[in-house]
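Following: one structure in structure tokens, then a few remarks.
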Amino acid sequence: MQGWGAMGGGGAWATSKPAEVDEDVETPAPKTTASPLYGAPAPPEPASRGFMSFQKSEDTNNIKSATSAFGAAPGGAFSNSAPGSSSAGATSSDIAAREEALRKKEAELAAKEKNLREREKDLESRGGGKKKNWPVCFPLLHHDIAGEIPEKSKRCVRTIYMAWWGLCWCLCYNFFAASVMLGYKDAGDRIASWFLAVIYMLLGVPLAFWSWYLRMYRAARDESTLGYIGFFICFLIHVGYCIWAAIAVPFSTERWSFAGWVTAMVAFDQDVFPGVVYIIGACFWTLESLLSLWCLKDVSDTA
């Protein structure tokens with residue numbers, strides 16, 4: 001087996017001329033170990049083990065050099081530079097940026113909150129934010145039966161609304177009848193009756209709207225039991241007033257202030273024309289009384 005230990009020639013089994021050995025280099029003596037059993041020296045390690053050790057040490061050196069080269073690269077994963085300096089700078093800048101973003105967000109939220117408060121105050125001042133649409137000539141409040149009243153109560157509210165318009169018409173006609181009687185000098189207390197008719201018209205229209213119609217509207221919209229109770233109390237007063245105006249028993253200064261049946265009979269003593277005027281007014285008051293009674297029954301059945 002020639003050339004087993006030759007490294008530079010033709011390999012481990014080369015049969016060519018053996019390599020020259022430098023005489024100046026000492027060949028290390030093979031290590032011997034004592035036999036664990038009899039103390040005899042162990043056989044020398046084969047030359048192949050020395051070759052494998054040399055190969056292993058060379059591979060280890062190559063790995064170390066590659067690792068050091070990779071770590072020396074700038075920005076590498078295994079960089080030997082101090083990790084605390086760059087990361088600390090990046091962290092502080094990130095924290096400052098986040099604090100600045102939070103301050104901006106806080107300022108935006110404060111501005112939005114202020115805007116919401118102003119809008120709430122504006123909505124409260126305008127009556128819940130709903131557009132005022134009644135009356136059309138001079139809007140004072142929001143009125144929408146079709147949009148706000150539940151389906152089961154719409155018919156009752158519309159009927160009550162018609163009863164209020166009927167009262168407005170009766171009071172205006174009542175004023176007209178009292179104005180007719182001003183032309184007859186023989187009619188006693190005609191001036192006092194005319195002033196009473198004016199007061200009935202000016203006060204009766206808004207009081208009826210706020211006392212029983214609007215109360216009914218809100219009770220039906222909110223389905224409030226207390227609202228219905230208040231409506232019944234005020235509407236009963238209205239029904240009694242309409243019945244009294246339809247009869248119109250003449251009492252001194254109130255003799256011509258109501259265009260009812262009894263007043264109409266007395267008006268014929270003055271002339272046919274005022275008698276007819278008062279008869280028509282009595283018919284209006286009678287219709288208003290009947291409509292109000294029917295509304296009272298309808299609401300009691302629905303509420």
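The values are calculated or read from the model by the stated rules, or taken from the named source; none is laboratory data. Bear in mind that the values here come from a model prediction, so they are computed numbers and not experimental data. Glycine gets a Cβ as well: all are built from the backbone with ideal geometry, and neighbour counts include every protein chain shown. We work out accessible area using only protein heavy atoms, side chains counted, and drop any ligands, DNA or RNA first. Shrake-Rupley method; radii C 1.70, N 1.55, O 1.52, S 1.80 Å.
What the table below lists for this structure:
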{"quantity": "Count - residues of the stretch 224-248 that are of a type outside the set (Gly, Ala, Ser) and on the phi > 0 side of the Ramachandran plot", "calculated": "0"}
{"quantity": "Matching residues, the stretch 227-257, being of a type in the set (Gly, Ala, Ser) and in contact with a Lys or Arg (Cβ under 6 Å, 6 or more places away or on another chain)", "calculated": "227, 230"}
{"quantity": "Residue 235 vs. criteria touching a residue at least 24 places away in the same chain (Cβ under 8 Å), over 20 Å from residue 163 (Cα atoms) and hydrophobic (A, V, I, L, M, F, W, C)", "calculated": "no"}
{"quantity": "Qualifying residue in the stretch 248-259 (condition: free of Cβ contacts under 8 Å to residues at least 40 places away in the same chain and among the acidic types (Asp, Glu))", "calculated": "no"}
{"quantity": "Residue match in the stretch 263-279 (condition: of a type in the set (Phe, Trp, Tyr), over 30 Å from residue 232 (Cβ atoms), open to solvent by less than 10 Å² (accessible area, probe 1.4 Å) and part of a helix (DSSP H, G or I))", "calculated": "yes"}
{"quantity": "Of all residues making up the stretch 183-212, the number that are modelled with pLDDT under 95 and either among the acidic types (Asp, Glu) or in contact with a His (Cβ under 7 Å, 6 or more places away or on another chain) (or both)", "calculated": "2"}
{"quantity": "Residue under evaluation residue 284, criteria (1) aromatic (Phe, Trp, Tyr); (2) within 23 Å of residue 145 (Cα to Cα); (3) crowded, with 20+ Cβ neighbours inside 10 Å, criterion not met", "calculated": "(2)"}
